[in-house]
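Only the coordinates and a few stated rules stand behind these numbers; no lab work does. No experiment lies behind these values; they were computed from the predicted model shown. FYI the Cβ positions are ideal-geometry reconstructions off the backbone, even for glycines, and counts take in every protein chain you see.
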Amino acid sequence: MSSQEHPLGISFEFFPPSTEAGREKLIHVRDALAATNPRFFSVTYGAGGSTQARTQDIVRRVSESGITTAPHLSCIGSEKAQLRDLLAQYREEGVESLVALRGDLPSGMASIGELRYANELVEFIRAETGDHFNIAVAAYPESHPQAANLERDVENFARKMNAGADMAITQYFFTADAYFHFVERARAHGVTQPIIPGIMPITNYTKLARFSDACGAEIPRWIRKQLESFGDDHESIAAFGTEVVTRLSQRLLDGGAPGLHFYTLNQSAPVLKVVNNLVG
Ligand code: FAD
């Protein structure tokens, strides 16, 4: 950790915008967030390589901030040769960190590809590139939606960490105990690497509800009810969202979380409000 780094070990995730206007706006968001001295930025990736070029372009633009920038990389629907090429390109461009994922097969894509799970991708990256990349993987405190049960999911998670991952970033959640319980289970399975909670700001109830249903993140009833009662009152949603997410983040840090990874949705204001409320 550099002496400049934010003392709470925060990091921020972006997605690659599909329009030039979106890309320009992202540069401003990047700069506003770079001013907090995050540990790193990350940029998401479409499964099956659907946003490969866009992810690479945004990684270049975001890394011009001087902050370490980690591309996400998923293996489902890809052949080893494609992944090998992409790893070589990232190496050439000076990328040193990756978020390694299985991803989800896009509808209409028939072939799973040569690697079935994220642990196989981590093994592949290590076999191809040794210790060059710092590798983060995904974790699911409330269980991955396809997992048979939490215990099986934790076993699979431990396999992925043992394959050579350096750290994990979690899916977002709103119940701090889900994170603490997951970390405890992972430690019982011998995982020693840092597990960083993923934090989703609350700004738009409809979108959040749709997203949460798809990825298996639970919005507790009291939060749902309160957000529903605000209707189209965006100011009240934002104020309540900041309060809830600040309290969650603070609880996680106070309970020993080794940092916070914010899902920015390419907006700086909602996450900055939370970051500025936190105390070390
Ligand atoms: P895995 O770890 O492979 O797990 C997938 C499922 O298979 C789980 O149910 C697990 O229990 C099971 N499993 C794992 N290994 C084995 C095994 N060896 N044998 C049998 N079962 C196994 N998606 C994107 O498309 N692009 C992104 O950029 C992206 N970024 C993300 C970042 C974070 C931090 C998180 C939490 C998620 C992200 N996702 C992204 C979503 C992710 O791709 C999906 O959740 C996907 O369904 C699972 O990917 P994974 O790497 O967690 O898979």
Taking only Cα atoms and a 10 Å spring cutoff, compute GNM fluctuations for the chain and point out the largest among ALA35, ALA165, ALA269.
ALA35
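With r as the distance between the Cβ atoms of ALA110 and THR19 and R0 = 22 Å, compute the FRET efficiency 1/(1 + (r/R0)^6) and round to 0.05. All intermediate terms of the calculation are to be shown ahead of the outcome.
Values: r = 30 Å, r/R0 = 1.35.
Step by step, r from the Cβ atoms, then E = 0.15.
Kindly count the pairs of lysines across region 10-277 whose alpha carbons are less than 24 Å apart, treating pairs on different chains or eight or more residues apart as eligible.
Values: LYS25/LYS207; LYS25/LYS273; LYS80/LYS160; LYS207/LYS225; LYS207/LYS273; LYS225/LYS273.
Lysine pair count for region 10-277: 6.
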Can you list residues whose amide H is under 5 Å from PHE174's amide H, if they're 5+ apart or on another chain and H is modeled 1.01 Å from N?
GLU218
Net length gained if the chain between HIS28 and GLU128 were fully extended (0.36 nm per residue, minus Cα distance):
32.4 nm
Enumerate the calculated ³J(HN,Hα) couplings along region 103-115 in order (Karplus 6.51 cos²θ - 1.76 cosθ + 1.60, θ = phi - 60°), each rounded to whole Hz, writing x wherever the residue is Gly or Pro.
x, 10, 5, x, 4, x, 8, 8, 8, 5, x, 8, 10
Whole-Hz couplings from phi, Karplus 6.51/-1.76/1.60, listed for region 69-75; x for Gly and Pro:
10, 10, x, 7, 9, 10, 9
Rounded to whole Å, give me the distance from the Cα center of region 224-267 to that of region 172-213.
13
Hey, can you rank 235-241, 68-74 by average C-beta count inside 10 Å, highest first?
68-74, 235-241
Which residues qualify? For ALA139, with a placed amide H closer than 5 Å and at least 5 residues away or on another chain, they are ILE169, THR170, GLN171
Can you tell me what the convex hull of the Cα atoms of region 10-277 projects to on average, as an area in nm²?
14.0
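Quick one: plug the Kirkwood hydrodynamic radius of region 1-157 (C-alpha pairs) into Stokes-Einstein at 37 °C, 0.692 mPa s, and report D in µm²/s. Can you show the working numbers first?
Numbers: Rh = 16.6 Å.
Estimated via Stokes-Einstein, D reaches 198 µm²/s.
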Using only the Cα atoms of region 47-86, build the gyration tensor, take square roots of its eigenvalues as a ≥ b ≥ c, and label the shape rounded, prolate or oblate: rounded if a/c is under 1.5, else prolate if a/b is larger than b/c, else oblate.
prolate
Highest GNM mean-square fluctuation, the chain, Cα pairs closer than 10 Å: which of SER63, SER229, SER143?
SER229
Separation between Cα centres of region 63-96 and region 1-37, rounded to whole Å
18
Taking the chain as a Gaussian network, Cα atoms linked when under 10 Å apart, which of GLU93, GLU142, GLU243 shows the biggest mean-square fluctuation?
GLU93
Within-11-Å neighbourhood charge of ILE135 [Cβ basis; K, R +1; D, E -1]:
-2
Which shape class applies to region 135-275: rounded if a/c is under 1.5, otherwise prolate when a/b exceeds b/c and oblate if not, where a ≥ b ≥ c are the square roots of the Cα gyration tensor eigenvalues?
prolate
Using only DSSP helix segments of four residues or longer, with each worth -39500 (n - 2.57), what per-residue ellipticity at 222 nm results for the chain after dividing by its residue count and rounding to 500?
-14500 deg cm²/dmol
